[in-house]
Structures are given as C-alpha cells and as structure tokens.
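The values are calculated or read from the model by the stated rules, or taken from the named source; none is laboratory data. Keep in mind that this is a model prediction, so the values were computed, not measured. As a convention, Cβ positions derive from the backbone with ideal geometry for all residues, glycine included, and neighbour counts pool all protein chains shown.
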Amino acid sequence: MNISYIILVPLIPLALFVLLGLFSKKIPPSIAGWIGSLGLGTAFVLSLYTAYHYFLGAKLDGVYQTFTYKSTWIIFSDKLHMDMGMLIDPISVMMLVVVTTISFMVHVYSRGYMKGDDGYTRFFSYLALFSFSMLGLVLATNLFQMYIFWELVGASSFLLIGYYYTKPSAVAAAKKAFIVTRFADLGFLIGILVVSYYSGSFDFGELNSLDGNVITNWTATSFMGLSVFTWGLILIFMGGVGKSAMMPFHIWLPDAMEGPTPVSALIHAATMVVAGVYLVARLFPLFYFVEDGFVLSIVAYIGAISSLVAAVIAITQTDIKRVLAFSTMSQIGYMMLALGVSKYEGHEGLGYMASMFHLFTHAMFKALLFLGAGSVIHAIHSNELADMGGLRKYMPITHITFLIAALSIAGFPGFAGFFSKDEILAAAFENNRLIYVSSVIVAGLTAFYMFRLYFGIFWGKDKKYEHTPHESPLTMTIPLIFLAFMSVFGGYIPFSEFISADLKSFTSHLDLPLAVIASTVGIIGICLAYVFYKKENNLSEKATQLFGAFYQWTFHKFYFDEIYLFITKKIIFGILAAAIAWFDKYVVDAFMIGVGNVTMAFSNQIKGIQSGKVQDYAMAFVGGVVVLAMVVFYIWIN
Amino acid sequence: MNLESFLLMRSEIGLLAIILFLLIFELFSNQKQKAAVIPLALFLLAINTLIGFLPLTEGELFGGMFKTNALLVLFKTTLSFGVLILLLQSADWLKEKIVAENKATEFIILLLSSLLGAFYMISAGDFLMFYIGLELTTLPVAALVAYETYKRKSAEAGIKYILSSALASGTSIFGISLLYATTGTLFFDAFAEVITISNLSILGFILFFSGLAFKISLAPFHFWTADVYEGAPINVASYLSVISKGAAVVILMIVLFTAFKTLMPIWEKIIYIVAIATMFVGNLFALRQQNLKRFLAYSSIAQAGFILLGLLSADQLGSATVVYFVAVYIFSNLGAFGVVQAISSASNKENIDDYEGLYRTNPYLSLLMMLALFSLAGIPPLAGFFGKFFLYAAAASKGYYVLVFIGVVNATISLYYYLLVVRAMFLRKNPDAIPYFKSKIYMKLGLLIAAAGILILGLYSPFYEYIFSISNSF
C-alpha cells in the first residue's frame, strides 16, 4: 500500500496555519474562512480515501498490516534514535478520519459562528495549527514524536482557550489548562525517558513487540515493589490522564469552556481530550503484558471513578457548556475503563475495540452537542440554563439535532451511542463486575443530566429574550445535520471487523440482556428528567433540599479546585516558594549582583591606564615584553 | 622554474595588476571620470576574488620563500571577500567625501596594497618574506588611518599608529635577528629542524611574538587599538579589526605550528597567559565605552583573546577552528562596522546613546546590528556560537579546562555589553531617535552579504567540514 500521500493530511493544515498566520492582516476574513474550510475538506476527503483503502485492502492472512514511513532525525546512541514519520495502522487511520471530520465540520461551522469577530483570521490559523498538531500526534511512529506533537496540541489548545484574550477569565482558564496538563506531561516525559532507558527504543513497533524474554529483561530492575519500567508506564499514563482530563487532573476541562464553542467541540470534546485514550491504545500490548496488566488496572479504575464523579457533577451544573464538559470527562472515563478491562486476543479484546468504537461515536455526538449548544448561545448570548427555555419553536433544526445527539449519548436503542456503550458494558461485565455496576449507574446519570439539559433548553416556558431567537445560518446548521446523521448511523459500522488489539478481525454481537438493562436504565433517566424538567415545577428544588450537603458538594465539583488552590497557594507559594524566593533574592541574586558590581568597579579603576599618550603605550609595550620574558624564564628555569 | 609556476601567486599577481591598472587610470582620467573608479575597483576585485575559488595545486616559489596550499587559498579568498564587502560599505563615503578631494583612487590603491601585503605575509615560507609582508600591510594603513586629514583625531590616530607599529616592527625584526643568530637560517622548515630551546631562542621568540601580538592587539600590546580605531575613518578601523588582524592571526598560527614547533612548551605558556590577559582587558574595558568605534575596538581585542584558545591545540582541530573562527569573525565584525558606518554617514552619530530607539526608526539596520552583535557574543544558531564552541572544544581537547572556564566567564561578560547596544536599539524609547534613512545600493549589498555570511557560516555545516578537511596541509 502506497502511503506517502498521507503526509498531505497533516501538511495541509500546517500550510494553512503558516499562510493564515503570516498574512492574517492581509487576507480578508471571508476568504480566510473559505481557505480554511476547503483545506480541511481536502484533508477530510484524503482521510476517507485512506480509510477506504486501508480497511478494505491492507489485510494479510486476516491480520491488518502496519505501515511505517520514517526517517531518522536525532541519533542518541547506536540503538536509541529518534525518528520522524508516519505510522499507519487501524487506530491511526480511524483517528485520521475522526480528526479531519470534526475539524472540517468545525471549520465550516465557525464561518458562521465567528462571523464579524475581530480575530477571525487568527482564529482560523489557530484551528489549522491545532489540526496539524493533532494529526501529527495521531500519526507519530514513536514516543518522542508523539510527545512533541502532544505539546504542540497543548500549546494550540492554550491559544484557543485564551482566544478572547481581553477577557480575564479566558486568560486564566488558558493558563490553568496549560499548567495542569503541562504538569501531567512532566510525568509523561519522565516516563518516556524511563521506558526508553530500559527498552532502548522509542519506537512503537519495537516497544509493542511481544517477546516474553525481552519484557522480563526490561522489567528486571525494581523500585518500591514494582519494576522501574512499570513506574515508567504509569508516568506515561499520567500524561494521558492530564490530557484526557481524568481524575485527579480534570480541573482544567470545565474552565476550558471559556474558549469559543467550536473550539470546545473540536478540542475539548472530540479530539485532543481523547489523546490520552489513544496513547493507552497505542501502547496497549505494552500495558497489557508488563506485570500482568497492572498498569491497565490503574487505567480501568481511574476511568471508572472519573466517569462516575463527572456524571454526578454534571447533574448540578447550570452552565450548559460545563455540563457538556463534565459529560465529556465522564464519557472519556468510559473509554479508559473499557481499555482497562480489555484483554488481548480475539473476542477477549472486546474492551479495546469498544473503547475505540465509543471514541468514534462520542466524537460525533459530543461535537454535535457542543455545536448545538453553540448555536443556542449564538442565538441568545448566554451560557446559563436559567436564561433558556422554549427554544424549540425558534430553532427547529438545532432542536432536532440536539435531541438526536442526546438520545445517542443516553444510549437509546438504535442510536450510535447505544451500540458503542453496549460493547463497553459487555466488556466490563465479562471482566470486572464492580466497574460494570458503576458504568450502568453512569449510563442512567448520563441520560438524566442530558435530558435535564435538553428539556431545560428547548421546553419549559419562554424566557424574556431581548431579541427573538432565530435559527442559525446554513453554514452552522449543515454541520449539525451531518453530525446528527453520523450520531445515528455511526453505530452500524461493524467496528470489530476493523479494529482489535491483535489486529485480527472478530465478530461481536449485541449482548441482549445487557443491552436491555442498559437501555432500561437510560430510559428511566430520561423519564426522570421528563418529570423534573419538562414543565416548570418545584420537584428539583425539593430534590436539592433532600440531598442538602451532598448537593452543595457536587455543585462545587467536590471542591477539587479549592483543594488544589489550597495546596498551590498556601503550601507551595506561601511556604516553599517564599523560602526559595528569599534564598534566590538574598543569596543567589546578591552574589550575582556583587559579581557584576565588582566587575564594573574594577573596570572603572583600570580606565585610567588608557591615557591616550603614545609614549605610555610604548612603555607598556616594552614592559609587556620584559614581563613576558621574565615570566617565561622563571617558568622555564623551574 | 617555469612561468606557469607563477600561477601559484595568481591572487597576488591579480591584485598587483589591479593596483597598477588603477594607478594608470588615475593618471589618465579626467575629473568627471574619477568617480567611476569605485565600481571599476569593485568589479576587478570581485573577479580576483572569484578566481580564488578555482582549484589550485599546492606548491612553493622562490626556493620556498613563498608557499601556498588549499587552506591559505581559502583564507586569502576570505580576506579578499572581506575587502570587497568593506569597499561596498565604503563606496558611498568615498563618493560623497573623498572623490571631491581627488583621493578616492589612492584610498583604494592603499587598501589593496595592504591586502597584497597580507597575502604575502600569510604565504611566507621564511621570516624575510614574512617581514616584508608585515610591513606592506602596515604602512599603507598608517596613511589610511590619517585619511580624514581635516579631522584632528584622524591625524592623531595616524601618528599613534605609525609610531606604535614602528616600535612593534622593530621589536619583531630584532627578535628575528636573534633567532637567525641561533639557527643560521630564515626558512621556516629548516628553522624548525635546527632550533632548540635556549635562552637566546626564547628571547628571540618573545620579541618576534610581541611584534605580531601588536598586529593582533593582544594585551599588553593593544593600547594603540582603541585610540586608532576611534580616530580612523570607520572603514579603516573595520579593516584593521578584520583583515589586518585576521591575516596576522593566521601567520602567527602557521609560524607557531611549523617553525616554532620545538618551542611549543614555551609558547603554549605564553599564549595561555596572553589569552587570559587579553580576554579580561578587552572585556573589562569594553564595559564602559560610549563611542561605538572604541567599543568595537575593545570587543575585537577580546575576540582576539578567544582566538588564542584555538592555537593551544597545535593540530588539525586547532588550525581548523582558528581559520573558521576568523572567517566568522570577519563577517560578524564587518556587519557591525557596516551598520556603524551607515549610521555615521547618515547622521554623524557614533555613540551608544544615540542608538536609543533605533529599532522604531530603522528596523532593518537594528536587526542587522543585533545579528552581528549576537554572533560576536556567540549566541546560537549564529556563526559566532559555533566559532566559539569549536575554540572551546579545541582548548579542552588538550586539557585546558581552566582556560575554557575563563573563556566562558569572559563570554558572559561580553554578552553584557553586546546586549547594552541591543537594549539601546530595541528597548529604549527616544523621541529624538536617529530618523529613518535609506541606504544606497552599495551599502545595502555590503550589509546583506555580511548578514548572509553570519547566517550561512553558522547554519551550513559543510563549510566547517571543508576547512577541517584541508587543515592538515601544514
């Protein structure tokens, strides 16, 4: 299979970034929007073409072939070298499709959403930069290349969250996101160094080669009960936890909603935040075979806890984008736990497939939810649920597409989310009953908060709107319709044919009893939401009072932010940093300033030597000769 | 010896032909044609420089008095290229001020004569040829330093230069006579075979070395530098700091590595002491300079101190690093002096304070100045960084770790004063900043080539590899 043309997929956005970034003042906004959309459209078509060829033609003896295309960039030692290249295998091809699809849709949508904004061209150049970085991350052939793009993705996320840089809250959110993920990435980097030190390679192909002896060699050195190599893997996973906003590094994601809504749809719902999931999937054999999958069980529990906590918090939030943010976190928790409970071969690797399947369908319906929310925000200029109500009359397309997405995420039978969620639950049921029960609860909670949102926005009484809300323009509704289509029919793609941990196809079928349980729970959640929020009533206030303290807890997101603030402000800044600052100022700085002053003073003292008289110079010359001669004879004699 | 073997001297013969042609041109041209000498000289010099790129066999002439090899040819071409840039940068100054006095042709002839001297000096195979070359480089420059006769400072600088250099040459030739007395030969090759470490030979070497140290402005033989640079026309100061110093460094290296190989235990100590003294003197004095010409004078003293680090590893690595550093230094310094020249001729201002706010009015010149100063300071990825890095590597390869440390300390000090100029240009606000002006085409070309040199020498590694590959030729 000829894969060289695939390099165009990331290069097109890069070219767009350079073009739009350099000439942001010269290119008129309307043209910038067109160029961006057309460029991403091309990348989208190329990705579809790649997927079509790969999934239908790259099988040899029932196993999907992996294609690599790389060149050595930096050589550290005979064995250890860093490459730049492309890795084409089922999950990277799938991610290409996901990233370009959502990016393309968001580009088209932004032409309407961002219309008239001052930084319109700048916005599109950032979007292109992000798309390039994300595609580079997806195609990376080795850990180091992935790390580089990982950071690039973080940087472009920073730029886009802080896009409204005159707004203090946006700037603070951008900083928060960057610092929190960067902190997690520190673990990632150390993890890469540890893993490459023991394995002698950055390359995914070599790391995932499954020779038992090799792994025994790698894990020979132990530290605190685990092998150092395992610690390295845990640290690598820490990077994934930060990027995917899992507990305990999830605090940046809700704040990141300060960015423009299309950005939230692209980065903080569909693509960047699933990078952590992709990272684990990318190294899945390694995670699975090292120490009997110990790290994988950490992945499973972190995923399960995150998904439960996020779903609970989502119920009480009033900002519609924040509800969606917590929902994203919850769903990514699903993907993580699916990977965590997965095994390697054949049907036992169901969790791996389910995770990727859910990643795909989630990208579609969550992007749709965000873009729909954006459409609502565009119409009434508010994020607060309290300012909304009865919008179904004014915005029919947004209403219907939002409903489809909500049904899909709630796991209503027949919609895409139903199928992928069912696979995850089946995988959890087979391997870990505790996680299964928690996942079913999350399914119910998801349905409840999602329909709370739906009924709150589109039903209930009309609020007093300053202007009569109206449906969004065509550039915004077309992406909605396309994604709604995918949110329904995306579930009918036979994923297990294409994606599996051991690269061999297997057949998965609907597990009827589990499906019935899950959808019943989901429907109960929907019904509860109907009772509570369809019409104005005081049921929700009553429930609030009933739960009392617990409600306050969840409303404040379990005080995670406050705990972190206490640790950073009081302990780190207040105690540790103050002492270090004192040392820096009065010892290090004082010494350096002293050196500078002495140098200057000395320079001032010797200034007079240069008298300007040529006879003095001659004296110095002759003196120099004499001194040199004396010094040399002295040294030579000794 | 057949006539063909004279081709070994093609650069020198070409240069001589240009000088003679210009002399005749001066005789037979009328007042209106005088200005044409500038493009004419540029054109001829450019051709002569290009000829230097043609391949050439190694060889010697006059029984070994004149030697040539690939490294020398490369270095001559670099010097010639440097003079070309210098002439481009001075073309406007010549046209506006000197042509009117009927002295433009002389200026060029003197400049090229000095360059011819530099060529012979570095190609020397014996002390006699070396001395003739040294004098031929020095004497025309004395006239050039005093070229702006209407300025008192220029005349003063001229007399200071001629007196100091007379002393230096005298010392040097006295040293040579002592050395002749101990060995009975002037040829480097024969000299190297018979010389032994004795009191007389050491004294001879020190005297000889002092003369060259004067040319390179090593401490304590550097005192003339600042005064002469300040008084001389800017392009002459530039010539002194770049061409004349570069040539002297290379011949010092050749002499040390060949003729005085036996004396290495002695001269490495001398170089060691002088390197430290020169770096500190150059840097500490540069800290307080206000006048940019004086500032660059001390900066060039400090740079000379750095070059000595490369001499200490008397091998292929050492000679490659020295030649590379000198080439880099030529381009960086020409860039800095070029900007000073451009600004001085537009506004007559030469002080660091005057440069405040320059970035707002003349962004391109400021950027170029920054590039040149950063290269001199040794900031990656500019050429100066690699130059310094290789010098440190060469010194460290022979175990001179303390010296490398002192070098790094001095590089840090130098960063301070280079940044002082950059800060004045970029960070200071000044309502009376030098107003925007447009440079003429020659000046632009001269500055552009210097800037390109700074970038290309740093980023294009085959250049260094080529120098390294031909550095084993002596």
Candidate set from segment A:203-215 (those that are within 18 Å of A:Ala501 (Cα to Cα) and in a helix (DSSP H, G or I)); member that is modelled with the lowest pLDDT: A:Gly212
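When you look at A:Ile457, is it within 20 Å of A:Gln331 (Cβ to Cβ), touching a Leu at 6+ places or on another chain (Cβ under 7 Å) and modelled with pLDDT under 85, yes or no? So that I can check it myself, show each step before the final result.
Values: within 20 Å of A:Gln331 (Cβ to Cβ): yes; touching a Leu at 6+ places or on another chain (Cβ under 7 Å): yes; modelled with pLDDT under 85: yes.
Yes.
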Set B:Val242, B:Val228: member being part of a helix (DSSP H, G or I), within 21 Å of B:Leu94 (Cβ to Cβ) and either within 11 Å of chain A (Cβ to nearest Cβ) or hydroxyl-bearing (Ser, Thr, Tyr) (or both): B:Val228
Taking segment A:598-626 on its own, how many of its residues are facing chain B (nearest Cβ under 7 Å), within 19 Å of B:Ser217 (Cβ to Cβ) and of a type in the set (Val, Ile, Thr)? 3
Tally of residues being at the interface with another protein chain (Cβ under 7 Å from one of its Cβ atoms) and outside any helix (DSSP H, G or I) across segment B:204-222: 2
It is to be established whether one or more residues within segment B:178-187 are within 17 Å of B:Lys215 (Cβ to Cβ), more than 14 Å from every other protein chain (Cβ to nearest Cβ) and at pLDDT below 95. no
Could you tell me which residue of segment B:350-368 is nearest to the chain's Cα centre (by Cα), considering only residues that are farther than 20 Å from B:Ser241 by Cβ and surrounded by fewer than 19 Cβ atoms within 10 Å (Cβ to Cβ)? B:Leu367
Tally of residues being part of a helix (DSSP H, G or I) and closer than 17 Å to B:Phe280 by Cβ across segment B:393-405: 5
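In the list A:Ser47, A:Ser24, A:Ser37, which residue meets the criterion of being assigned to a loop (DSSP other than H, G, I, E, B) and surrounded by 15 or more Cβ atoms within 10 Å (Cβ to Cβ)? Quick ask: steps written out before the conclusion?
Working: A:Ser47 fails: assigned to a loop (DSSP other than H, G, I, E, B); A:Ser37 fails: assigned to a loop (DSSP other than H, G, I, E, B).
One residue alone meets the criteria, A:Ser24.
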May I ask you to say which residue of A:Ser157, A:Ser169, A:Ser133, A:Ser125 is surrounded by fewer than 20 Cβ atoms within 10 Å (Cβ to Cβ) and assigned to a helix (DSSP H, G or I)? A:Ser169
Index of the failed condition, B:Tyr147 passing every other in (1) more than 13 Å from chain A (Cβ to nearest Cβ); (2) touching a residue at least 24 places away in the same chain (Cβ under 8 Å); (3) assigned to a helix (DSSP H, G or I); (4) not acidic (Asp, Glu): (3)
Among B:Arg294, B:Arg288, the single one that is within 14 Å of chain A (Cβ to nearest Cβ), outside any helix (DSSP H, G or I), touching a helix residue (DSSP H, G or I) at 6+ places or on another chain (Cβ under 9 Å) and modelled with pLDDT under 95 is B:Arg288
Do any residues in segment A:573-596 that are more than 14 Å from chain B (Cβ to nearest Cβ) have Cβ atoms under 9 Å from those of residues that are surrounded by 12 or more Cβ atoms within 10 Å (Cβ to Cβ), where the two are at least six apart or on different chains, and which pairs are they? none
The one condition B:Val145 fails out of (1) crowded, with 18+ Cβ neighbours inside 10 Å; (2) at pLDDT below 90; (3) among the β-branched types (Val, Ile, Thr) is (2)
Confirm whether B:Leu263 is within 14 Å of another protein chain (Cβ to nearest Cβ) and under 23 Å from A:Ala620 (Cα atoms). no
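From the residues in segment B:19-71 that are aromatic (Phe, Trp, Tyr) and part of a helix (DSSP H, G or I), which one is nearest to B:Ser319 (Cα to Cα)?
Filtering segment B:19-71 down to residues aromatic (Phe, Trp, Tyr) leaves B:21, B:25, B:28, B:43, B:53, B:62, B:66.
Now restrict to residues that are part of a helix (DSSP H, G or I): B:21, B:25, B:28, B:43, B:62.
On the way: B:Phe21: 36, B:Phe25: 40, B:Phe28: 46, B:Phe43: 32, B:Phe62: 26 Å.
Once the filter is applied, the top-ranked residue is B:Phe62.
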Please find, among B:Phe463, B:Phe386, the residue that is within 23 Å of B:Leu88 (Cβ to Cβ) and assigned to a helix (DSSP H, G or I). B:Phe463
Of all residues in segment B:376-418, which are hydroxyl-bearing (Ser, Thr, Tyr), surrounded by 20 or more Cβ atoms within 10 Å (Cβ to Cβ) and within 14 Å of chain A (Cβ to nearest Cβ)? B:Ser414, B:Tyr417
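Would you check if B:Leu371 is in contact (Cβ under 8 Å) with a residue 24 or more places away in the chain, among the aliphatic types (A, V, I, L, M) and in contact with a Phe, Trp or Tyr (Cβ under 7 Å, 6 or more places away or on another chain)? If you could, list the steps in order and put the result at the bottom.
Details: in contact (Cβ under 8 Å) with a residue 24 or more places away in the chain: yes; among the aliphatic types (A, V, I, L, M): yes; in contact with a Phe, Trp or Tyr (Cβ under 7 Å, 6 or more places away or on another chain): no.
So B:Leu371 does not fit the description; no.
I'd like the residue in segment A:50-89 that is in a helix (DSSP H, G or I) and more than 27 Å from the chain's Cα centre (by Cα) and, out of all such residues, is farthest from A:Phe506 (Cα to Cα). So that I can check it myself, show each step before the final result.
Of the residues in segment A:50-89, the ones in a helix (DSSP H, G or I) are A:50-57.
Next cut, more than 27 Å from the chain's Cα centre (by Cα) only: A:53, A:56-57.
On the way: A:His53: 20, A:Leu56: 15, A:Gly57: 17 Å.
Looking at the filtered set, the residue picked out is A:His53.
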Among the residues of segment A:507-554, write down those that are outside any helix (DSSP H, G or I) and crowded, with 16+ Cβ neighbours inside 10 Å. A:Ser508, A:Asp511
Unmet requirement for B:Leu116, which otherwise passes all of (1) more than 18 Å from B:Ile19 (Cβ to Cβ); (2) under 20 Å from the mean Cα position of the chain (by Cα); (3) aliphatic (A, V, I, L, M): (1)
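Does segment B:127-144 contain any residue that is of a type outside the set (D, E, K, R), assigned to a helix (DSSP H, G or I) and within 14 Å of another protein chain (Cβ to nearest Cβ)?
So the first thing to find is which residues in segment B:127-144 are of a type outside the set (D, E, K, R), and the list is B:127-134, B:136-144.
Next, only the ones that are assigned to a helix (DSSP H, G or I) stay: B:127-134, B:136-144.
Next, only the ones that are within 14 Å of another protein chain (Cβ to nearest Cβ) stay: B:142.
Yes, segment B:127-144 contains at least one residue that is of a type outside the set (D, E, K, R), assigned to a helix (DSSP H, G or I) and within 14 Å of another protein chain (Cβ to nearest Cβ).
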Taking segment A:476-509 and keeping only residues that are touching a residue at least 60 places away in the same chain (Cβ under 8 Å) and closer than 24 Å to A:Ala379 by Cα, one is left with A:Met476, A:Thr477, A:Ile478, A:Pro479, A:Leu480, A:Ile481, A:Phe482, A:Leu483, A:Ala484, A:Ser487
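Listed here are the residues, each with its yes/no results for (1) farther than 27 Å from B:Val255 by Cα; (2) of a type in the set (Ser, Thr, Tyr); (3) within 23 Å of the chain's Cα centre (by Cα).
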| residue | (1), (2), (3) |
| --- | --- |
| B:Gln303 | no, no, yes |
| B:Phe325 | no, no, yes |
| B:Gly338 | yes, no, yes |
| B:Asn348 | yes, no, no |
| B:Met370 | yes, no, yes |
| B:Ala383 | no, no, yes |
| B:Ala396 | no, no, no |
| B:Leu403 | no, no, no |
| B:Gly407 | no, no, yes |
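So, B:Ala192, is that one more than 11 Å from every other protein chain (Cβ to nearest Cβ) and either assigned to a helix (DSSP H, G or I) or surrounded by 24 or more Cβ atoms within 10 Å (Cβ to Cβ) (or both) or not? Working first, answer last.
Values: more than 11 Å from every other protein chain (Cβ to nearest Cβ): yes; either assigned to a helix (DSSP H, G or I) or surrounded by 24 or more Cβ atoms within 10 Å (Cβ to Cβ) (or both): yes.
Here the answer is yes, as B:Ala192 does meet what is asked.
Residue check: is B:Gly158 buried (at least 18 other Cβ atoms within 10 Å of the Cβ), in contact (Cβ under 8 Å) with a residue 40 or more places away in the chain and within 14 Å of chain A (Cβ to nearest Cβ)? I'd like the intermediate steps shown before the answer.
Numbers: buried (at least 18 other Cβ atoms within 10 Å of the Cβ): yes; in contact (Cβ under 8 Å) with a residue 40 or more places away in the chain: yes; within 14 Å of chain A (Cβ to nearest Cβ): yes.
When the stated conditions are applied, B:Gly158 passes them.
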